[in-house]
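So the structure is just underneath, and the comments pick up after that.
The values are calculated or read from the model by the stated rules, or taken from the named source; none is laboratory data. Not measured: the values here are computed from a predicted model. All Cβ positions, glycine included, derive from the backbone under ideal geometry; neighbour counts span all protein chains shown.
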Amino acid sequence: MQESGEMYLETILILGKRSNTVRAVNVAEEMRLSKASVSRAGNIAFTEKGRQLAEKIYERHLVLTEVIMSLGVDRETAAADACKIEHDISDITFQAMKNHIKQYGKQE
């Protein structure tokens, strides 16, 4: 899946955590896209495969943000950088980062 598709899935997941109903117009607003860019037809629901992929991407975002913040970077910058990295990082490198944070935790 391309990065743009992953961003849609992640956005739907995040919106779904805030509210039980996610509509295409909500996705457009959250992603700062024109409403014409996202279909307005009804509510959005995940397939099982879509939910699994969205959860994977969102976990990457959270862990990468934490790793970057542990290096002394502020939350806003860390989250923006994590968003860029989460789509391209290998599973092996991501797992190593996840293990590192688990073992050593945040450094504050």
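Exactly one condition in (1) modelled with pLDDT of 90 or more; (2) assigned to a helix (DSSP H, G or I) is false for VAL73; which is it?
(2)
Looking at the stretch 28-48, which of its residues are touching a residue at least 12 places away in the same chain (Cβ under 8 Å) and among the polar types (S, T, N, Q)?
SER39, ASN43 - these are the residues of the stretch 28-48 that are touching a residue at least 12 places away in the same chain (Cβ under 8 Å) and among the polar types (S, T, N, Q).
Could you check MET7 against (1) over 11 Å from the mean Cα position of the chain (by Cα); (2) outside the structural domain of GLN103 (by TED's automatic domain parsing); (3) within 30 Å of GLN103 (Cα to Cα) and say which number it fails?
(1)
Condition check ((1) part of a helix (DSSP H, G or I); (2) at negative phi; (3) small (Gly, Ala, Ser)) across all residues:
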{"position": "VAL25", "(1), (2), (3)": "yes, yes, no"}
{"position": "ALA28", "(1), (2), (3)": "yes, yes, yes"}
{"position": "SER39", "(1), (2), (3)": "no, yes, yes"}
{"position": "ARG51", "(1), (2), (3)": "yes, yes, no"}
{"position": "ALA78", "(1), (2), (3)": "yes, yes, yes"}
{"position": "ALA82", "(1), (2), (3)": "yes, yes, yes"}
{"position": "ALA96", "(1), (2), (3)": "yes, yes, yes"}
{"position": "GLN103", "(1), (2), (3)": "yes, yes, no"}
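Residues in the stretch 49-69 that are touching a residue at least 40 places away in the same chain (Cβ under 8 Å) and either of a type in the set (Ser, Thr, Tyr) or crowded, with 17+ Cβ neighbours inside 10 Å (or both): how many?
Looking only at that region, the number is 7.
Check ALA24 against each of (1) modelled with pLDDT of 90 or more; (2) among the small types (Gly, Ala, Ser); (3) buried (at least 17 other Cβ atoms within 10 Å of the Cβ) and name the one condition it does not meet.
With respect to (1) modelled with pLDDT of 90 or more; (2) among the small types (Gly, Ala, Ser); (3) buried (at least 17 other Cβ atoms within 10 Å of the Cβ), ALA24 is out only on (1).
Does any residue of the stretch 71-85 turn out to be touching a residue at least 12 places away in the same chain (Cβ under 8 Å) and among the β-branched types (Val, Ile, Thr)?
Among the residues of the stretch 71-85, at least one is touching a residue at least 12 places away in the same chain (Cβ under 8 Å) and among the β-branched types (Val, Ile, Thr), which makes the answer yes.
Step by step: first the residues of the stretch 31-44, then only those that are among the hydrophobic types (A, V, I, L, M, F, W, C) and out of contact with any Gly (no Cβ under 9 Å at 6 or more places or on another chain), then the one that is modelled with the lowest pLDDT. Which residue is that?
Step by step, filter the stretch 31-44, then rank; the result is ALA41.
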